[in-house]
Amino acid sequence: MSEYGLGVGTVDIRSAGPIAFGPAGILFLADNISAKIFAVDVADPGPDAGSEPFDLENVDLRVAAFLGSETDDVVISDLAVHPRSHNVYLSVQRGRGDGGRQVLVRVDSLDGSIVDVPLVDVPHAEVTIADAPAPDDDRVDITLPQGTEGEELHIGERTIRILRQPVRTSTVTDLAYVEGALLVAGLSNEEFSSKLRRIPFPFSDDVRANNLEIFHVSHGKWETAAPIRTFVPYDGGRSILASYTCTPVVHFSLADLTPGTKVVGRTVAELGAMNQPLDMVSFTQGGEEHLLVANSAHGLIKIACRDIDRQAPLTEPSEPVGVPRETEDLQGITRLANLGANHVLALQANDGRLHLRALKTASL
Amino acid sequence: VTRVFWSHRDGEDCLRIEGVGESVTVEVRPYSAPAIEGLPSMAGRLVRDDGSADFVPRFAFAEGTPYSVVVGGVDVAVLTRPRPDVQATTEVIGIFPTSTEVPRNLLRLYIWFSAQMSEGYVADHVRIVDVGGHEMVGVLLPSEHELWDGGRRRLTVLLDPARIKRGLVSHHEVGYPLAPGTSFRLVVDDTFCDARGIPLRGGAERHYEVGALERRRVEPDRWALTVPSSHTKEALSVAFERPLDHGLLTRCLRVTDRGGQLVDGAPEVAPEERSWRFTPREPWVARPHALVIDPLLEDLAGNSLSRVFDRDLTDAEDEPVEPVPRTIEFCPR
């Protein structure tokens, strides 16, 4: 793992966020509280997987039982499938606040058994993703604190207490590895900007994440800089389909994403009113690449990549909008990951419980 | 089994089961876990010692949670992990903006708490209600990604941008989340738990009235500076042309001296976020100074110095300008 710049140590996760696999079975894990992304060698012990599906009912109950918690005290943030063994990794928060524990769980794809992935004395690397000012930057947030925090400032007879601390964070909403770089979409808790970070991997000492300012033009008339909620690389990493917090689905060519330039994407679809994109994945069916979009209002949406390439930018805010799509009658899906070539693994809410279900790509 | 009780082993909490044979299986499960096939038992290690067994969990027992002890496949005891008697002390210390009137295209609100809060429970405890107290469903951006600061004391709440931005389907079909001339309240429930899992001391709310749309860039040219006297520690006072975003105001304004060095002091955002005061640590000197404004600074509707939030490409007034810091020079008298 030395070729990826990993060193042995403790992966100190303060909040378990989105996860995605990179090269050589390295798992990227976003931690929104400490504003870091960790690259962890998970040392997956499983044999090479075949092309079997994998289903596990009540995965939330199983994880909660393993962690010794009520299900209400367990939040499954994200899932990823190990590309070789097909073991399923879940990023999990157990409990609340400081008393909470962040756990990376591995579900065995052969028997459904659950273990926690060691995070102490394991090969890993980390990179800071905060937009917050660096320690040597004067522009820290200065707030007037409550109680006894901060420092006192005496001005004549007045005493003012000030607190210098960054309160700005960038919450990672999605991440994906494409050819030597990690692409990270984030949501700031202050300005409503649209940034996609490109972080070279292996992480280097002088890592400068390129912030790519991303715009989309809606219906030919309105320009928007809104945060990307979820995205998926496709076409061998040459294209990206991104979905925004305000629902348009936008195509970018990765080659256009040059640091320091304003990138305008082509709006190719709308997901409909009062709808939130949740996750996307690409898969091949009949020799052609397709994308699946999990969303909050409808069933799983399937889009053919060749239709994206053919789609002219949208010009009218009327229905139906954008690329042809099929809506599968699969409700409650919040997360998606490829499970080999023949299946997509979905995390699906049903009857108040969460289940892992393999969807056969030939039948989608 | 003769006895089951909470104990310690090598400084770690454990469950001690006395009177258990060497070859009998011992498992611990949350009492609420249903009997489904293949359900794992709680992770931990079992240390056997002369007719007793200590179960040391890998993940600490959760306070207030009942656990079943299963010996040889039979439930032998249910014990609830005690919850320390702690008082509710955390409260809401501020809801921003503090101006009563907000633009119709209001984009975000901030809630400050006095102590660290729990994550993952915002949707059930923070809501917008109308004048009749009914929840206005679909006004807030539904997001599984909660926007906390690093200390989990400040929460950012976004209104659904798809309903605010023109040209999007939600805006077209459902319209703005807020109607002009109406009022609403942001409500924080007292059942919202802090990081210890303890509810707030009390709920909190703030009342707002909805004004007109705001679709102009922030205009520092229209700000009014009250310049302090030299050799004093009087505050520099800056009055804005409209209320600005509280979160961004804390970091987007700074004062520099002639050499560009930061002047140390205490900034204060005045009520209603209509003005800002800066009191220096050392007395002012009678030389040129500058108020430096980060172009990221936004108003309540997300319009910044460089761009309008919801840009009409056919309107030349909406053209974005270069996002570079702006300066307003002043010289203490």
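What follows is calculated from the coordinates using simple rules that are stated; it is not laboratory data. In this text, all values refer to a predicted model and were calculated from it rather than measured experimentally. With ideal geometry, Cβ positions are generated from the backbone for all residues, glycine too; neighbour counts draw on all protein chains shown.
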Output field shielding_mean for A:265-276 (other chain Cβ, 10 Å radius) holds 4
Quantify how strongly other chains surround peptide A:188-197 by giving the mean number of their Cβ atoms within 10 Å of each of its Cβ atoms. 6
Gained length - B:Thr182 relative to B:Glu144, 0.36 nm times residue gap less alpha-carbon distance: 10.8 nm
Take chain B, connect every pair of alpha-carbon atoms lying under 10 Å apart with a spring to form a Gaussian network, then pick out the residue of B:Asp257, B:Asp149, B:Asp85 with the largest mean-square fluctuation. B:Asp85
With 10 angstrom as the radius, rank B:His171, A:His154, A:His86 by how many other C-beta atoms surround their C-beta, starting from the fewest. A:His154, B:His171, A:His86
Run the dipole for region B:223-333 about the Cα centre, Lys and Arg Cβ at +1, Asp and Glu Cβ at -1, nothing else charged, and hand back the magnitude in debye, nearest 20. 780 debye
Amide H contacts of A:Asn32 (H built 1.01 Å from N, under 5 Å, at least 5 apart or other chain): A:Ser15, A:Gly17
Two pseudo-spin positions, 7 Å from Cα along C-beta at A:Thr159 and at B:Glu209, lie apart in nanometres by 4.0 nm
Full extension from B:Thr327 to B:Ala35: what is 0.36 nm times the residue separation minus their Cα-Cα distance, to one decimal in nm? 98.4 nm
Summed over the other residues with a beta carbon less than 13 angstrom from that of B:Met136, with K and R at +1 and D and E at -1, the charge totals 0
Across peptide A:167-179, what mean number of C-beta atoms from other chains lies inside 10 Å of a residue's C-beta? 3
Could you work out how far apart the two model spin labels at B:Glu219 and A:Thr284 are, taking each label as a point 7 Å from the Cα in the direction of the beta carbon, and quote it in nm? 5.8 nm
Could you order peptides A:37-46, A:15-24, B:262-271 by the average number of other Cβ atoms within 10 Å of their residues, highest first? A:15-24, A:37-46, B:262-271
Pop out the ³J(HN,Hα) list for region B:183-199 in order, Karplus 6.51 cos²θ - 1.76 cosθ + 1.60 with θ = phi - 60°, rounded to Hz; leave Gly and Pro as x. 10, 8, 10, 8, 10, 10, 6, 6, 8, 5, 9, 7, 5, 7, x, 9, x
Using a basic spin-label model with each label point 7 Å from the Cα along Cα→Cβ, how many nm lie between B:Ala77 and A:Glu152? 5.3 nm
Packing-based ranking, highest mean first, of B:303-309, B:114-120, A:118-124 given that Cβ atoms within 10 Å are counted: B:303-309, B:114-120, A:118-124
How far is the Cα center of region B:13-30 from the Cα center of region A:48-70, in Å? 25 Å
Spatially close lysines, pair count over the protein assembly as shown: Cα under 18 Å, gap of eight or more or interchain: 5
For the A:Ala349, A:Asp48 Cβ pair and Förster radius 41 Å, calculated FRET efficiency rounded to 0.05 is 0.85
Ordered by packing density, taken as the mean number of other Cβ atoms within 10 Å over each peptide's residues, highest first, how do B:6-16, A:70-80 rank? A:70-80, B:6-16
